[in-house]
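To keep things clear, I will list the structure first and then write my remarks on it.
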Amino acid sequence: MSHGHHDHDHDHRDHAHGREGPGRERKLLVAFALTAVTLVAEAVGGWLSGSLALLADAGHMLVDAAALMFAWLGAHYARKPADARRSFGYVRLEVLVGYSNALVQFVLVAWIAVEAGLRFSDPQPILSGLMLWVAVAGLAVNAFVLFVLSDHHHDDLNTASARLHVLGDLFGSVGAVGAALLIGRFGWLWVDPLLSILVSLLILRSAGRLLRRSAHILLEGAPEGVDGDRVGEAVQREADGVCGVHHVHVWQLAGGYHVATLHAQLREGIDADGAIRSIQRVLRERFRIEHATVQIERGGCADAHCAH
């Protein structure tokens, strides 16, 4: 029996998943600057007006400003080339950023809930006019920042996590505008903490989705819609000269960056290099797997841990 280990090698700096590098970084940096300016305005406005909705939104934007800065750092370092210690480069950094941002959102929601409970039991006077103007300004800035980040790639978890924070800011501003109008018209002070809680629930739902998605990638889970059995069956059915496929593993380094390893048994007389090219074509066209390590075998598998 003879077998060899063949790797379809790529320069990992080229795995951009269809994203712009510097352009994406600039967008994140602009989003950070606008968010930082707006959070200062909302914090001052919330303190002067006595509005929890504004203060909660300012607190949210403080976390989001840091999140956007980390997202920018993630986008910047993700483009760094591979080195001897990190053979796949820094592409997974964006997943760590997305995972961390989602966890921070849970902490923020808990803080808003506690503050809202205190406001229900002890309502505070609110200057609704000042609250309204600050909230409208915050709404306009958040809408613009969301537009700036709107064209990110579906698999870009880094920018997706940044958009999640900005979307939470937008909901917070909408809630603050609504609360200001109701308080000014009817004097309903309880609307302020109530809307803060409703906004927190929306944030919690989105943060949960991002957390699950990021954790799945960090746990080496298979890409959505792809599993080892389907990959093995497709390769065995469509690749030239392959009579058996086993020991298949498929995972993601980052959103959209699919990686696979597998053992392939060839028919007698089949050229190994030609079979590898055929396998790589099937993986690329059927499952968007651009980086695959293929071990060719003739006869039985030499791996004692391999399950046929």
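Per residue, how large is the accessible surface of the range 89-234? Use a 1.4 angstrom probe and give square angstrom.
That works out to 47 Å² per residue.
With θ set to phi - 60° and the Karplus curve 6.51 cos²θ - 1.76 cosθ + 1.60, what are the ³J(HN,Hα) couplings of the range 31-46 in order, to the nearest whole Hz, using x for Gly and Pro?
4, 4, 4, 5, 5, 5, 5, 5, 5, 5, 5, 6, 5, 5, x, x
Students often check this: by mean Cβ neighbours within 10 Å, which of 34-41, 269-276 ranks highest, and how do the rest follow?
34-41, 269-276
Given 0.36 nm per residue, what is the gain on full extension from Lys80 to Trp188 after removing their alpha carbon distance, in nm?
Stretched out fully, the Lys80 to Trp188 stretch lengthens by 33.5 nm.
Could you calculate the FRET efficiency of Arg284 with Leu73 from 1/(1 + (r/R0)^6), where r is the beta carbon distance between them and R0 is 25 Å, rounded to 0.05?
Here the calculated transfer efficiency is 0.20.
Highest mean first, what order results for 182-195, 88-101 on Cβ atoms within 10 Å?
For the peptides 182-195, 88-101, the packing ranking is 88-101, 182-195.
To the nearest 0.05, how large is the calculated FRET efficiency for Arg209 and Asp271 if R₀ is 51 Å and r is the Cβ-Cβ distance?
0.65
To the nearest 0.05, how large is the calculated FRET efficiency for Ala143 and Glu224 if R₀ is 35 Å and r is the Cβ-Cβ distance?
0.75
Describe numerically, in nm with one decimal, the distance between label points set 7 Å from Cα along Cα→Cβ at Ala36 and at Trp111.
With each label point 7 Å from Cα toward Cβ, the separation is 1.8 nm.
Would you mind computing Rg(Cα) / (2.2 N^0.38 Å) for the range 198-308, counting N as its residues?
Scaled against compact globular proteins, the figure is 1.32.
Counting only protein heavy atoms and a 1.4 Å probe, tell me what percentage of the range 214-266's accessible area is made up of carbon and sulfur.
Carbon and sulfur: 47 percent of the exposed surface of the range 214-266.
The values are calculated or read from the model by the stated rules, or taken from the named source; none is laboratory data. Predicted model, so just to flag it, every value in this text is computed and none were measured. As a convention, Cβ positions derive from the backbone with ideal geometry for all residues, glycine included, and neighbour counts pool all protein chains shown. Accessible surface is based on the protein model in full, side chains and every heavy atom, while ligands, DNA and RNA are left aside. Shrake-Rupley method; radii C 1.70, N 1.55, O 1.52, S 1.80 Å.
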